[in-house]
Amino acid sequence: MSFNPKNYQSTLGSHNDKDVIWISFPYDILLIEELKQVSQPKWSNSKKCWYLQDVTHYRDLFNILQKNYGKSILSNISDINKPAFLRYVEQLQLKGYSHQTIRTYSVEFAQLLKVLKSFPVNDLTEERLRSYFLYCVQKLRLSENQIHSRMNAIKFYFEQILHRSKFFMEIPRPKKPSILPKALSAADIKKMLNTVENNKHKLLLQLCYGMGLRVSELVHLKITDIDSKRMQVLVNAGKGKKDRYVNLPNSILDLLRQYYKEYRPKEYLFEGQYGGAYSVRSVQIIFKKTMQKAKINKKVGVHSLRHSYATHLLEAGTDISFIQKLLGHNDIKTTLIYTQVSDRNLSSIQSPLDKINNHP
């Protein structure tokens with residue numbers, strides 16, 4: 001039975017102080033069964049209507065735009081600037097930006113509008129905007145990366161909506177700190193994986209490291225993306241909306257088959273409680289708990305598995321251009337940063353102190 005959202009009318013609302021999606025349709029036992037196959041609907045006696053929790057998967061299922069900001073953000077914006085904010089979000093959507101980028105930009109732009117209160121954002125001068133960024137640095141003490149993020153979000157409004165292309169030319173940007181990617185040793189990764197008993201969690205972490213995936217790419221893998229005959233996996237519309245192929249590790253096949261028999265995913269390889277893609281946050285929590293269980297006391301996130309993949313490939317002698325393709329980097333300069341992390345060349349260099357001490 002194939003699900004057709006056009007058979008149902010969906011509207012956003014609230015029920016018992018929780019955001020829900022109301023689902024209405026002419027009474028039909030087949031439509032009820034079809035709805036229950038793809039979701040977990042509940043019946044409201046007071047409304048005489050089915051409803052679902054307002055979550056990402058159900059919004060996708062019924063072709064409802066994703067939440068890009070919360071009610072609290074809009075409540076902090078003056079009525080004078082609300083049209084500007086809504087136009088801003090619409091422009092990001094029209095440009096085809098990802099949901100995460102839209103959310104990040106919207107929140108950053110909203111912080112400016114909150115400070116402006118009833119002052120119209122369109123009347124801002126370069127000097128007043130410069131003062132605002134000084135306030136972000138001196139009073140809010142935002143990091144260099146946060147300042148860059150906020151500047152990019154506000155720049156989008158003035159250049160893409162108000163078409164003031166030279167508005168930011170006189171406003172300096174802080175220099176970004178040069179931070180090297182944090183990679184784990186092969187011994188630490190093996191130690192960590194050996195502590196995982198849950199097949200789903202183990203496969204998540206093994207694929208993240210074994211194919212060098214971003215977490216967002218991992219959770220959006222579909223069953224149809226895996227080609228076990230060619231031992232390749234299609235990473236569909238990764239960062240920058242670019243497709244690429246990565247190699248499927250041979251050592252993963254048995255666990256992959258065990259996992260499939262146990263969990264029987266329908267569309268995505270890893271699915272959440274309500275169906276649809278597993279959440280990025282869940283993977284982050286799994287990684288953190290696994291690190292704690294393995295007693296590896298390093299301040300790294302799950303993205304370090306991708307860094308480790310690239311670093312270990314480089315140390316094994318893999319050509320940097322192949323690593324660039326596997327990681328999906330546009331610019332080789334982005335990949336070259338791993339040469340500063342790799343031990344392949346640095347470990348062979350002897351300190352002059354050792355030479356002095358070893359030769360009296």
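The values are calculated or read from the model by the stated rules, or taken from the named source; none is laboratory data. These numbers were taken from a predicted model, which means no experiment stands behind them. A quick note on method: Cβ atoms are made from the backbone with ideal geometry, for glycine too, and the neighbour counts reach across all protein chains shown.
Values for this structure:
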item: Residues (surrounded by fewer than 18 Cβ atoms within 10 Å (Cβ to Cβ), touching a residue at least 60 places away in the same chain (Cβ under 8 Å) and among the hydroxyl-bearing types (Ser, Thr, Tyr)) located in the stretch 31-52; result: none
item: Scan of the stretch 166-206 for residues that are in contact (Cβ under 8 Å) with a residue 24 or more places away in the chain and of a type in the set (D, E, K, R), ordered by number; result: 170, 173, 175, 176, 182, 188, 191, 200, 202
item: Subset of the stretch 172-200 (residues that are out of contact with any Phe, Trp or Tyr (no Cβ under 9 Å at 6 or more places or on another chain) and over 30 Å from residue 151 (Cβ atoms)); result: 185, 186, 187, 188, 190, 191, 194, 195, 196, 197, 198
item: Selection status of residue 338, within 17 Å of residue 182 (Cβ to Cβ), in contact (Cβ under 8 Å) with a residue 40 or more places away in the chain and not in a loop (DSSP other than H, G, I, E, B); result: yes
item: Matching residues, the stretch 132-143, being among the aliphatic types (A, V, I, L, M) and part of a helix (DSSP H, G or I); result: 134, 137
item: In the stretch 22-52, the residues that are among the polar types (S, T, N, Q) and farther than 16 Å from residue 62 by Cα; result: 44, 45, 46
item: Residue list for the stretch 234-250, filter: outside any loop (DSSP other than H, G, I, E, B) and touching a residue at least 12 places away in the same chain (Cβ under 8 Å); result: 235, 244, 245, 246, 247, 250
item: Residue in the stretch 345-355 that is assigned to a loop (DSSP other than H, G, I, E, B), surrounded by 15 or more Cβ atoms within 10 Å (Cβ to Cβ) and either modelled with pLDDT under 85 or not assigned by TED's automatic domain parsing to the domain that holds residue 205 (or both) present; result: no
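Conditions (1) assigned to a helix (DSSP H, G or I); (2) among the acidic types (Asp, Glu); (3) touching a residue at least 12 places away in the same chain (Cβ under 8 Å); (4) within 26 Å of residue 67 (Cβ to Cβ), marked per residue:
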| site | (1), (2), (3), (4) |
| --- | --- |
| 103 | yes, no, yes, yes |
| 109 | yes, no, yes, yes |
| 130 | yes, no, yes, no |
| 145 | yes, no, yes, yes |
| 153 | yes, no, yes, yes |
| 156 | yes, no, yes, yes |
| 164 | no, no, no, no |
